[in-house]
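Here is the structure we will look at, set down as structure tokens.
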Amino acid sequence: MQAPTAPSTYNEKMLANYVPVYVMLPLGVISNDNVFEDQPKMEKQLKELRAAGVDGVMVDVWWGIVESKGPKQYDWSAYRSLFALVQECGLKLQAIMSFHRCGGNVGDEVTIPLPQWVLDIGETDPDIFYTNRKGNRNKEYLTIGVDNQPLFHGRTAVQLYSDNMKSFRQHMSDFIEAGLIIDIEVGIGPAGELRYPSYTGTQGWVFPGIGEFQCYDKYLEAEFKEAATGAGHPEWGLPDNAGEYNDTPGSTEFFGLNGTYMTEKGKFFLTWYSNKLLNHGDEILDEANRAFLGCKLKLAAKVAGIHWWYKSPSHAAELTSGYYNLKDRDGYRPIARMLSRHYAIFNFTCLEMRDSEQRADAKCGPQELVQQVLSGGWREEVEVAGENALSRYDSNGYNQMLLNARPNGISREGLPKQIMYGVTYLRLSDELLKDKNFKIFKTFVKKMHTDQDYCADLGMYNHQIGPLERSKPKLVMEDLLEATKPMEPFPWGEETDMKVDDFDGVLANLIRKLFSLFK
């Protein structure tokens, strides 16, 4: 067999820098009563995306819709109609297994609760839901504490998710075999993200509150008690000095100067809290790997961009979310290492944000956070993808996304050392498709594609997808702890070399060039 030839022509070299662009479909594209409404409008919009060079779309496949009638009573018919339309329009598909409630998070325009029969179990046992110190329940996602508790008509929470994914594979096998579905993003927490629901509008949180720990249900309390006793500290309890949703770090004993988070007791709790999250993601991705074993697709998992208080010593908002990330401890590289075991893509948010756009008092660091997380993913040799956190229609937002997709620019000799596997734009709307907005968006897609035309052949830009292999052996705790050692992030350019200019920007550039001619 001959070795693969290096890219030779200019276009081939540019294609090695190609980052595919996907667009997130509206949250309620399939209605609460499991109907694909307004198909003609969706068809028109999908064709517009395809004509703009977009590679594919991403869609939430809501547990609360497909298994709403009762345990194991799955109805995939509306999603099959949607998938057939996406296929007909020549787009690829990223499917999110959404095991959370829609509603209560930033940008949630519709409400899709968990299946009613699950909520009914919560009526008699409210501890199946995440709980804060005051005892307030969050019905957005089942607590990690019930992952292995057979409370759901004899099934555990992990079995609920596993059975759902197995049924999806069975009913969507034709779309998978046809190469339509290229990614399965596994929902592993609120908003589909691997985190605790530490900040949620339904409980009164507003930006930039530090949020609250969510481990006071009876199942997690019992687990913590057992862990503390096993460590020789039966007297240790869960934190009672970490403040409330809208506090600042300095107003609490836990996160303040020389706070509890720096003590032996605080470190023990934070290690336990973050490890529970890591194990939760690991276990469910293991089930996803079993469900889709042998399919030609990629698994993916999403991590939230908690950028507020990133520049304060305690990183309070990250800690309450379950990311044990400090100046001397990397909270994200262990997640990347866990994902590498399942050959899963690390999907990160807030790609569009710049520090200068944020409130000074919130000590935000979205740029440094993205740099840290993406660098950690590349160091662990996982494929890194991402999306914007809030809808943006301006060149500044797009240029920041372009910079993060190729932080050191394009390589004229083929594949760059650092390049994102894909970018998903959030989200398809009438606003996006307005003339001026869509014109800038089309330029953004073209720049992600390094000014090349849309490429249907995934192999041309190193995205060949083989059959999903079985997950590697489970990592031992020492391996995960080793990944917490902080490392210098990779260098980042000041700005992208594939810039989007809106009309005003183009005009300004033209004037600058004219002036330079007469200097």
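The values are calculated or read from the model by the stated rules, or taken from the named source; none is laboratory data. This structure is a prediction, so every number in the text was calculated from the model and none was measured. Every residue, glycine among them, receives a Cβ derived from its backbone with ideal geometry; neighbour counts consider all protein chains shown. To get the accessible areas, we keep the full protein, side chains included, count just its heavy atoms, and leave off ligands, DNA and RNA. Shrake-Rupley method; radii C 1.70, N 1.55, O 1.52, S 1.80 Å.
Some observations on this one:
- Given a 1.4 Å probe and the protein chains as shown, residue 269 ends up with an accessible area of around 10 Å².
- Placing 168, 490 in order of accessible area, with the largest value first and a 1.4 Å probe, yields 490, 168.
- A cut-off of 5 Å between modelled amide H atoms, ignoring neighbours fewer than 5 places along the same chain, links residue 310 with 365.
- For the range 367-424, the mean projected area of the C-alpha convex hull, equal to one quarter of the hull surface, is 4.3 nm².
- Accessible-area ranking of 236, 62, largest first, probe 1.4 Å: 236, 62
- Exposure rank, largest accessible area first [271, 156; 1.4 Å]: 271, 156
- Charge sum, other residues only, whose C-beta stays under 13 Å from residue 478's C-beta, Lys/Arg counted +1 and Asp/Glu -1: +1
- Using R0 = 25 Å, the C-beta based FRET efficiency linking residue 39 and residue 173 works out to 0.60.
- Calculated from backbone phi, Karplus (6.51, -1.76, 1.60) coupling profile of the range 127-140 in Hz, x at Gly/Pro: 6, 6, 9, 4, 9, 8, 4, 7, x, 6, 8, 10, 8, 7
- Extending 7 Å from Cα along the Cβ direction at residue 438 and again at residue 47 yields two label points whose distance is 1.2 nm.
- Length gained on full extension, residue 77 to residue 156, computed as 0.36 nm times the residue gap minus the Cα-Cα distance: 25.8 nm.
- Rounded to the nearest 10 Å², the accessible area of residue 124 at probe 1.4 Å: 120
- Zero-based 10 Å bins, Cα pair distances in the range 246-351, whole percents: 13, 41, 28, 13, 4, 0
- Eigen-decomposition of the gyration tensor built on the alpha-carbon atoms of the range 299-386 gives equivalent ellipsoid semi-axes of 23, 14, 10 angstrom, largest listed first.
- Measuring nothing but protein heavy atoms, the accessible surface of the chain at 1.4 Å probe radius is 52 percent carbon and sulfur.
- A simple spin-label model places pseudo-atoms 7 Å from Cα toward Cβ; at residue 69 and residue 226 they are separated by 3.7 nm.
- Partners for residue 265 among lysines (Cα-Cα distance below 16 Å; same-chain residues under 8 apart left out): 225
- Heavy-atom surface of the chain, accessible at 1.4 Å and reported per residue (Å²): 42
- Projected onto planes of every orientation and averaged, the convex hull of the alpha-carbon atoms in the range 12-517 covers 23.8 nm².
- Here the gap between residue 360 and residue 11, fully extended at 0.36 nm per residue and compared with their Cα-Cα distance, gives a gain of 121.3 nm.
- Residue 296 contributes an accessible area of around 120 Å² to the protein surface, as traced by a 1.4 Å probe with all chains present.
- Derived scalar couplings ³J(HN,Hα) [the range 353-364; Karplus, 6.51 cos²θ - 1.76 cosθ + 1.60; whole Hz; x for Gly, Pro]: 8, 10, 4, 5, 8, 9, 5, 5, 6, 8, 6, 6
- Scalar couplings 3J(HN,Hα) for the range 159-165, obtained by applying the Karplus form with A = 6.51, B = -1.76, C = 1.60 to θ = phi - 60°, are 5, 4, 5, 4, 4, 4, 5 Hz; x denotes Gly and Pro.
- Convex hull projection area averaged over all views, the range 213-261, Cα basis, nm²: 3.8
- Amide hydrogen neighbours beyond the local backbone of residue 58, cut-off 5 Å, H modeled: 23, 24, 25, 94
- Partners of residue 298 within straight-line reach, counting lysines whose Cα lies under 20 Å from its Cα and excluding those fewer than 8 residues away in the same chain: 92, 166, 472, 474.
- At most 14 other Cβ within 10 Å, DSSP loop - trypsin sites (Lys or Arg not before Pro), the range 56-120: 69, 72
- Helical runs (DSSP H, four residues minimum) scored at -39500 (n - 2.57) apiece and divided by the length of the chain put the mean residue ellipticity at 222 nm at -10500 deg cm²/dmol.
- When the range 12-517 is described by a simple charge dipole with +1 on each Lys and Arg Cβ and -1 on each Asp and Glu Cβ, the residue from 403, 159, 115 located farthest towards its positive end is 403.
- Between the helical axis of 264-291 and the longest alpha-carbon principal axis of the chain there is an angle of about 60 degrees.
- Amide hydrogen neighbours beyond the local backbone of residue 247, cut-off 5 Å, H modeled: 210, 211
- Taking a sphere under 14 Å around the Cβ of residue 53 and counting the other residues whose Cβ falls inside, with K and R at +1 and D and E at -1, yields a net charge of +3.
- Within the range 12-517: Cβ-based charge dipole about Cα centre, in debye rounded to nearest 20 (Lys, Arg +1; Asp, Glu -1): 780
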